[in-house]
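Chemist: The structure that follows is given in the form of structure tokens.
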Amino acid sequence: EDFPFQETSDQLRVVSEIEVDLQSGKIMDRLVIGDVGFGKTEVAMRAAFRTVLEGGQVMVLAPTTVLCYQHYETFKNRMLKYGVRVEPVNRFVSTTKIREIKEGWASGGVDIVVGTHKILNKKFKPKSLDLLIVDEEQRFGVGHKERIKELKSSAAILTMSATPIPRTLHMSMLGLREISLLATPPANRLSVKNFLINFDEQLIRNAVEHELRRGGQVFIVHNRVEDIAEIANFVSMACGHIDVQVGHGQQSEKELERVIKDFIDQKFSILVCTTIIESGIDMPNVNTIIVNNAHHFGLSQLYQLRGRVGRSGNQAYAYFITPPVDRLTEDSRKRIEVLMAHQDL
């Protein structure tokens with residue numbers, strides 16, 4: 001009842017499929033595939049809460065620090081009033097705090113740990129791990145996947161993906177893991193309007209100003225740290241010296257955390273960043289995204305980036321900047337064409 005939205009029929013079905021798995025006595029291995037913003041996290045939270053009520057511990061594994069931070073906030077805020085203790089483990093958390101969390105995890109005082117690959121370390125021993133939730137499994141390396149496989153032997157596993165890669169899908173088809181599909185968009189969701197453009201100062205300014213006029217925020221993705229500050233400066237000047245801030249993985253932890261938190265808290269309107277925002281991050285007030293040099297990205301990256309906007313009831317816009325189409329490689333052109341052809345929810 002605390003869920004602030006109306007569940008889709010798919011969400012309710014998947015929640016009950018997981019309940020059946022958890023009660024069956026066999027170890028669950030289920031893959032939940034759903035488009036960006038279709039409610040995978042809610043399904044996972046209900047499974048986690050149920051597991052904690054039964055006396056078990058839950059590990060939530062996220063591929064990036066930013067996503068880990070966001071999952072932690074979501075889980076913590078939802079479960080706090082029920083006395084569930086949720087703790088984060090990532091590079092934003094101090095060594096002293098991690099030591100304390102490790103002790104609580106071993107003694108059973110910590111119910112849910114939300115972390116990056118750091119929590120896969122064998123020294124990070126739980127008292128009784130009953131459920132492992134893995135977000136975007138394909139983003140983890142071979143070593144991490146081996147460790148996930150070890151944990152699978154004793155704990156139930158719930159894997160979530162918005163971009164099912166063929167191998168993951170193939171395993172599901174072979175019956176090695178159960179598969180659940182979230183195919184229904186949330187109520188009032190609109191598809192994102194996509195534009196393929198060449199670099200054009202006036203067009204970029206118009207796109208940004210349109211978003212700011214309606215009180216929204218803008219992501220500008222530029223995946224080169226070397227000249228990201230120049231891009232931020234260009235946008236700020238083009239839009240009348242507006243406050244533009246930069247976020248990328250080479251910043252100090254404190255600095256990146258401050259930038260992301262301030263952007264979530266709407267203290268500034270334009271974030272120029274690398275692909276650190278690619279996975280799962282949920283900022284409903286951001287409804288315009290501009291991707292520079294879109295031809296350098298893979299298809300699943302472009303798909304995920306586009307999924308960062310359009311998560312509220314507002315019409316969202318995605319602008320993909322590339323050189324003229326006749327100057328693109330065949331692969332780049334095909335990726336862009338696929339993205340532009342599939343714009344429906």
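The values are calculated or read from the model by the stated rules, or taken from the named source; none is laboratory data. Predicted, not measured: the structure shown is a model, and the values here were computed from it. Cβ atoms come from the backbone with ideal geometry, glycine included; neighbour counts cover every protein chain shown. Areas reflect the complete protein model, heavy atoms only, side chains present, ligands, DNA and RNA absent. Shrake-Rupley method; radii C 1.70, N 1.55, O 1.52, S 1.80 Å.
Chemist: For region 308-323, give me the residue count where each residue is modelled with pLDDT under 90 and among the hydroxyl-bearing types (Ser, Thr, Tyr).
Modeler: Number of matching residues: 1.
Chemist: What residue, of Phe124, Phe75, is aromatic (Phe, Trp, Tyr) and either crowded, with 23+ Cβ neighbours inside 10 Å or closer than 24 Å to Asp282 by Cα (or both)?
Modeler: Numbers: Phe124 fails: either crowded, with 23+ Cβ neighbours inside 10 Å or closer than 24 Å to Asp282 by Cα (or both).
So the residue among Phe124, Phe75 that is aromatic (Phe, Trp, Tyr) and either crowded, with 23+ Cβ neighbours inside 10 Å or closer than 24 Å to Asp282 by Cα (or both) is Phe75.
Chemist: Here's a follow-up. Please go through region 17-43 and pick out each residue that is crowded, with 17+ Cβ neighbours inside 10 Å, among the β-branched types (Val, Ile, Thr) and touching a strand residue (DSSP E or B) at 6+ places or on another chain (Cβ under 7 Å).
Modeler: Ile18, Val32, Ile33, Val43, listed by residue number.
Chemist: Here is a follow-up. Please find, within region 258-292, the residue that is farthest from Gln315 (Cα to Cα) out of those that are at pLDDT below 90 and open to solvent by 40 Å² or more (accessible area, probe 1.4 Å).
Modeler: Ranking the candidates gives Arg258 first.
Chemist: Which of the numbered conditions does Val244 fail, given that it passes all the others? Conditions: (1) out of contact with any strand residue (DSSP E or B) (no Cβ under 6 Å at 6 or more places or on another chain); (2) open to solvent by 10 Å² or more (accessible area, probe 1.4 Å); (3) touching a residue at least 24 places away in the same chain (Cβ under 8 Å); (4) of a type in the set (A, V, I, L, M).
Modeler: Of the numbered conditions (1) out of contact with any strand residue (DSSP E or B) (no Cβ under 6 Å at 6 or more places or on another chain); (2) open to solvent by 10 Å² or more (accessible area, probe 1.4 Å); (3) touching a residue at least 24 places away in the same chain (Cβ under 8 Å); (4) of a type in the set (A, V, I, L, M), the odd one out for Val244 is (1).
Chemist: Can you find even one residue in region 87-109 that is touching a residue at least 60 places away in the same chain (Cβ under 8 Å), within 15 Å of Thr41 (Cα to Cα) and not charged (D, E, K, R)?
Modeler: No: region 87-109 contains no residue that is touching a residue at least 60 places away in the same chain (Cβ under 8 Å), within 15 Å of Thr41 (Cα to Cα) and not charged (D, E, K, R).
Chemist: Next up: Could you tell me which residue of region 55-69 is farthest from His170 (Cα to Cα), considering only residues that are modelled with pLDDT of 95 or more and not small (Gly, Ala, Ser)? Explain how you work it out, then say what you get.
Modeler: So the first thing to find is which residues in region 55-69 are modelled with pLDDT of 95 or more, and the list is 55-61.
Next cut, not small (Gly, Ala, Ser) only: 57-61.
Values: Gln57: 30, Val58: 27, Met59: 25, Val60: 24, Leu61: 22 Å.
By that ranking, first place goes to Gln57.
Chemist: Now a separate question. Identify the residue in region 191-222 that is open to solvent by less than 40 Å² (accessible area, probe 1.4 Å) and in contact with a Cys (Cβ under 7 Å, 6 or more places away or on another chain) and, among all such residues, is nearest to Ala294 (Cα to Cα).
Modeler: So the residue we want is Val221.
Chemist: Look through region 298-307, keep the residues that are open to solvent by 10 Å² or more (accessible area, probe 1.4 Å) and not in a loop (DSSP other than H, G, I, E, B), and return whichever of them is modelled with the lowest pLDDT.
Modeler: Among them, the one singled out is Ser300.
Chemist: For residues that are part of a loop (DSSP other than H, G, I, E, B), of a type in the set (Val, Ile, Thr) and crowded, with 20+ Cβ neighbours inside 10 Å, tally how many sit in region 308-345. Show your work before the answer.
Modeler: If we filter region 308-345 for residues that are part of a loop (DSSP other than H, G, I, E, B), which is where we start, we get 308-316, 322-324, 328-329, 342-345.
Now drop any that are not of a type in the set (Val, Ile, Thr), which leaves 309, 322, 329.
Remaining after also requiring crowded, with 20+ Cβ neighbours inside 10 Å: 309, 322.
Total meeting the criteria: 2.
Chemist: Could you tell me which of the residues Leu120, Leu131 is touching a His at 6+ places or on another chain (Cβ under 8 Å) and either among the hydrophobic types (A, V, I, L, M, F, W, C) or at pLDDT 85 or above (or both)?
Modeler: On the way: Leu131 fails: touching a His at 6+ places or on another chain (Cβ under 8 Å).
Just a single option satisfies the conditions, and that option is Leu120.
Chemist: Test Arg177 against the stated conditions and say whether it is of a type in the set (Lys, Arg) and closer than 30 Å to Gln6 by Cβ. Walk me through it before giving the result.
Modeler: On the way: of a type in the set (Lys, Arg): yes; closer than 30 Å to Gln6 by Cβ: yes.
Spelling it out, Arg177 is indeed of a type in the set (Lys, Arg) and closer than 30 Å to Gln6 by Cβ.
Chemist: OK, next. Would you mention how many residues in region 139-158 are outside any helix (DSSP H, G or I) and under 22 Å from the mean Cα position of the chain (by Cα)?
Modeler: Qualifying residue count for the region: 5.
Chemist: Based on this model, can you work out whether Ala156 counts as surrounded by fewer than 19 Cβ atoms within 10 Å (Cβ to Cβ), among the small types (Gly, Ala, Ser), in contact with a helix residue (DSSP H, G or I) (Cβ under 8 Å, 6 or more places away or on another chain) and in contact (Cβ under 8 Å) with a residue 40 or more places away in the chain?
Modeler: No: the conditions fail for Ala156.
Chemist: If you check every pair at least six apart or on different chains, which have Cβ atoms under 6 Å apart with a residue in region 256-283 that is of a type in the set (Phe, Trp, Tyr) first and a residue that is at pLDDT 90 or above second?
Modeler: From residues that are of a type in the set (Phe, Trp, Tyr), the pairs are Phe263/Leu271; Phe268/Asp243; Phe268/Gln245.
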